[in-house]
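Visitor: Below is the structure I would like to discuss, written out as structure tokens.
The values are calculated or read from the model by the stated rules, or taken from the named source; none is laboratory data. Worth saying up front: this structure is predicted, and the values here are computed from it rather than measured. When we count neighbours, we look across all protein chains shown, and the Cβ atoms used for this are built from the backbone with ideal geometry, even at glycine. These area figures cover heavy atoms from the full protein model, side chains too; ligands, DNA and RNA do not enter into them. Shrake-Rupley method; radii C 1.70, N 1.55, O 1.52, S 1.80 Å.
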Amino acid sequence: MPAWSVIAPYWPNLLSGFWITVQLSFWTLLLATPIALAIALARETGPRWAALPLAILVNAVRLLPALIVLYFVFYGMPQFGIRLKPFAAASIGLVAMGAAYMSEDMRGAIAAVPKGQLSAAAALGLPRTHAIRRILLPQALPLMIPPYMTRAIIMVKGTSLASMVSVADLTAEATRASSITYQPYVFLLIAGGFYLALNGILALIQALAERHLRLSRRTAAA
Amino acid sequence: MTAPIVSVKSVTRRYGSFMALDDVSLDVMPGEVVAIIGASGSGKSTLLRTINHLDPPDEGQVWIDGRLMGVAEGARGPRRLSERDLRRQRSEVGMVFQHFHLFPHFTVLQNLIEAPMAVRGLSRPAATERAEGLLAEVGLEGRGGAFPAELSGGQQQRVAIARALAMQPKVMLFDEPTSALDPELVGEVLRVMKRLAEGGMTMLVVTHEMDFAEEAADRVVFFDKGRIVETGPPAQLLRSPSEPRTQAFLQRLLRKDR
């Protein structure tokens, strides 16, 4: 292990990189989640004319490499006169990617709720929005949580791609320090430790949420 | 002569090229109990879903209590009813499904009060009082706190009947209400339905229970390939059907019973 003296000069940059990664993760998840839910609901319960364009959009984004999407936002959009700061460009690309994947996870959970539930709600005369809010979503949410949390972890890891469009995130700072000091393993190890800590929190939340769901389902079905 | 409370007029419903309903007409009088029989895939269930517009007909009309389903009478002539108004209209028709479709995340009581509160604007105490009365009627007094998964199939179906009744519908549609039940649970559901029939409720019942059709129905309708083949009082239609197709269907059923 090299001396602290090797790490010390880069420590503030690593910390600020970590903070950028946290912010990027936070905004990406915060924005992608409602967009994904809206897409999933529209495709599963919305009017037929909305389903096809959304399916095309989601698949176009989903089937592209994330890096191509990020490059497109950061390098491609200025050609159309849309110039964005690296952080904003990366956020937009990551939100688009994340929302596309996430909407597929959520769609699966919504589709897993038996169709008869909405038929029964309709037969009772419940308004559609009421049926979605009170009947469909409460049954779909427990099914959504495990894939959602897994997706959230994948998205947090995916923020490291932002380093490729000049965002000074954790990955960018760690690689920069490695290439200056020729001590890659120590800085990559530190970066890895930070990512582990961040995703560890998400994994912990997932475990707690799943335990909570198991318990509440047991009381409901007991 | 009184007017029919349900009037199906030349209704056609296709799924792709498949004719689920082919020019079907049927009038049901207030208080009448009509049993609809026929092979699976013959269009019986589609007829029920067409009546309450869960599956709106491609052609033809459905009238409930003198009002045309799915159509609003505007100042400038009839127009298509908005989704919201259609739902309101639909709430006058109760429906019971083969697989109950109770809301599993709600208690029995919440299943019964959700729609009366949201659609009819009943207060919680008023809806609860009505629900408790209905639970007693279907023999489930005091089970309001249970979750559907804690009940047997027969109990769940009785809750589903109570849930539909909580909207005080003018007509009740039953789509094979006992087909998903263990044989020993069929009786308790049929008893509730018979009591409802005796109470004067108008009922359309898609069923394979010939005993129920014989004992509780005023009229039996035999369906085949999306068309009404024959209709008549149970004693006549079930004992001495005039159409060869009805005879063949009933003979197949009898053989299965033995």
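Visitor: At a temperature of 4 °C and a viscosity of 1.567 mPa s, determine how fast the protein assembly as shown diffuses translationally according to Stokes-Einstein, using the Kirkwood radius over alpha-carbon pairs as Rh; express D in µm²/s, rounded to the nearest whole number.
Guide: 49
Visitor: For a quick size check, give me the Cα extents of the stretch B:202-258 along its three principal axes, largest first, whole Å.
Guide: The Cα atoms of the stretch B:202-258 stretch 30, 26, 19 Å along their principal axes.
Visitor: Would you calculate the volume per residue, in Å³, of the smallest convex hull containing every Cα atom of the stretch A:1-123?
Guide: Taking the convex hull of the Cα positions in the stretch A:1-123, it is 162 Å³ per residue.
Visitor: Also, quick follow-up: Using a 1.4 angstrom probe on the protein heavy atoms only, line up B:Arg124, A:Arg134 by accessible area, largest first.
Guide: If we order B:Arg124, A:Arg134 from most to least accessible, we get B:Arg124, A:Arg134.
Visitor: Would you please calculate the Kirkwood hydrodynamic radius of the stretch B:49-89 over all C-alpha pairs and express it in Å, rounded to one decimal?
Guide: Result for the stretch B:49-89, one decimal place: 10.5 Å.
Visitor: Report the residues of the stretch A:122-148 in range of a label on A:Ser216: point 7 Å along Cα→C-beta, backbone N strictly under 19 Å from it.
Guide: Of the residues in the stretch A:122-148, A:131-148 have backbone N under 19 Å from the label point off A:Ser216.
Visitor: A further question on this structure: Full extension from B:Asp211 to B:Asp65: what is 0.36 nm times the residue separation minus their Cα-Cα distance, to one decimal in nm?
Guide: 49.6 nm
Visitor: Counting residues in the stretch B:1-148 as N, plug N into 2.2 N^0.38 Å and put the Cα Rg over that result.
Guide: Taking N as the residue count of the stretch B:1-148, the ratio is 1.21.
Visitor: Then there's this: Between B:Ala72 and A:Leu52, how high is the FRET efficiency from 1/(1 + (r/R0)^6) when r is the Cβ-Cβ distance and R₀ = 41 Å? Nearest 0.05. If you can, show how the numbers build up before the last one.
Guide: On the way: r = 30 Å, r/R0 = 0.73.
That gives a FRET efficiency of 0.85.
Visitor: Within the accessible area of the stretch A:4-221, what % is carbon and sulfur when the probe is 1.4 Å and the other protein chains stay in place?
Guide: The nonpolar share, carbon plus sulfur, comes to 73 percent.
Visitor: Moving to a separate point now. Any chance you could look up the accessible area of A:Leu29 with a 1.4 Å probe, heavy atoms only, rounded to 10 Å²?
Guide: That residue has around 30 Å² of solvent-accessible surface.
Visitor: I've got another one for you. What pairs from A:Lys115/B:Lys194; A:Lys115/B:Lys170; B:Lys9/B:Lys44 go past 23 Å between their alpha carbons?
Guide: A:Lys115/B:Lys194; A:Lys115/B:Lys170
Visitor: Other chains' Cβ within 10 Å of B:86-92 residues: what's the mean?
Guide: Counting other chains' Cβ atoms within 10 Å and averaging over B:86-92 gives 4.
Visitor: Membrane-span-like helices in chain A: DSSP H runs reaching 27 Å or more (Cα, own axis), mean Kyte hydropathy at least -0.5?
Guide: A:11-45, A:86-111, A:137-158, A:184-221
Visitor: Once label points are set 7 Å from the Cα along Cα→Cβ at both B:Glu83 and A:Asn59, what is their separation, rounded to one decimal in nm?
Guide: 2.4
Visitor: With a point put 7 Å past each Cα toward its Cβ, work out how far B:Ser179 is from B:Asp58 in nm, to one decimal.
Guide: In this crude label model, B:Ser179 to B:Asp58 measures out at 2.2 nm.
Visitor: For A:Lys157, which aspartates and glutamates qualify as cross-link partners when the Cα separation must be under 17 Å and same-chain residues fewer than eight apart are set aside?
Guide: A:Asp169, A:Glu173
Visitor: If R₀ is 51 angstrom, what is the calculated FRET efficiency for the pair A:Lys115 and B:Glu243, using the beta carbon separation as r and rounding to 0.05?
Guide: 0.90
Visitor: How much accessible surface area, in Å² rounded to 10, belongs to the heavy atoms of B:Glu129 with a 1.4 Å probe?
Guide: 140
Visitor: What does the accessible area per residue of chain A come to in Å², with a 1.4 Å probe and no ligands, DNA or RNA counted?
Guide: Here the per-residue accessible area is 51 Å².
Visitor: Right, here's the next one. Across 5 Å bins from the origin, how do the percents of Cα pairs in the stretch A:4-221 run, short distances first?
Guide: Taking every Cα pair in the stretch A:4-221, the percentages come to 1, 7, 12, 15, 15, 14, 11, 9, 6, 4, 3, 1, 1, 0, 0.
Visitor: I would also like to ask the following. What does the stretch B:104-258 give for Rg and for Dmax, in Å, if only its C-alpha atoms count?
Guide: Reported Rg and Dmax, both Å: 17.7, 55.
Visitor: Right, next: Only bridges whose two residues both fall in chain B count here: according to DSSP, what percent of them are antiparallel, nearest 5?
Guide: Taking every DSSP beta bridge within chain B, about 55 percent pair in antiparallel fashion.
Visitor: Pop a pseudo-label 7 angstrom from the Cα along the beta-carbon direction at both B:Asp23 and B:Gln168 and give the gap in nm to one decimal.
Guide: It works out to 4.1 nm between the two label points.
Visitor: Given a 1.4 Å probe and heavy atoms of the protein chains only, how would you sort A:Tyr75, A:Tyr182, A:Tyr10, A:Tyr101, largest accessible area at the top?
Guide: A:Tyr182, A:Tyr75, A:Tyr101, A:Tyr10
Visitor: Same structure again: For the stretch B:160-258, what % of the accessible area comes from carbon and sulfur atoms, probe 1.4 Å?
Guide: Numbers: 2160 of 4690 Å².
Carbon with sulfur: 46 percent of the solvent-accessible area.
Visitor: Please give the average number of partner chain Cβ atoms lying within 10 Å of the Cβ of each residue in B:96-107, rounded to a whole number.
Guide: Values: counts 2, 4, 1, 3, 2, 10, 3, 9, 9, 10, 4, 1.
The shielding value for this peptide is 5.
Visitor: Need the C-alpha centroid separation for the stretch A:69-137 versus the stretch B:117-154, integer Å.
Guide: Measuring centre to centre over Cα atoms gives 36 Å.
Visitor: So if each residue of separation counts as 0.36 nm, and I subtract the Cα-Cα distance between B:Thr231 and B:Leu253, what length gain in nm does that give?
Guide: 6.1 nm
Visitor: Give me the summed buried accessible area for the A-B pair, 1.4 Å probe, to the nearest 100 Å². Before the final figure, lay out the partial values.
Guide: Numbers: alone 12420 and 12650 Å², together 23090 Å².
In total, this chain pair buries about 2000 Å².
Visitor: I've got another one for you. Normalised radius of gyration for the stretch B:1-88, please: alpha carbon Rg relative to 2.2 N^0.38 Å, two decimal places. Could the numbers behind the result be given before it?
Guide: On the way: Rg = 13.7 Å, N = 88, 2.2 N^0.38 = 12.1 Å.
Against the compact-globule rule of thumb, the ratio is 1.13.
Visitor: Looking only at other chains, what is the average number of their beta-carbon atoms within 10 angstrom of each beta-carbon in A:125-136?
Guide: The mean count of partner-chain Cβ atoms within 10 Å per residue comes to 5.
Visitor: With a 1.4 Å probe and every protein chain left in place, tell me how much accessible area B:Asp58 has, in Å² to the nearest 10.
Guide: 80
Visitor: Next question. In nm, what is the difference between 0.36 nm times the number of residues separating A:Ala207 and A:Gln79 and their Cα-Cα distance?
Guide: Length gained, A:Ala207 through A:Gln79: 41.6 nm.
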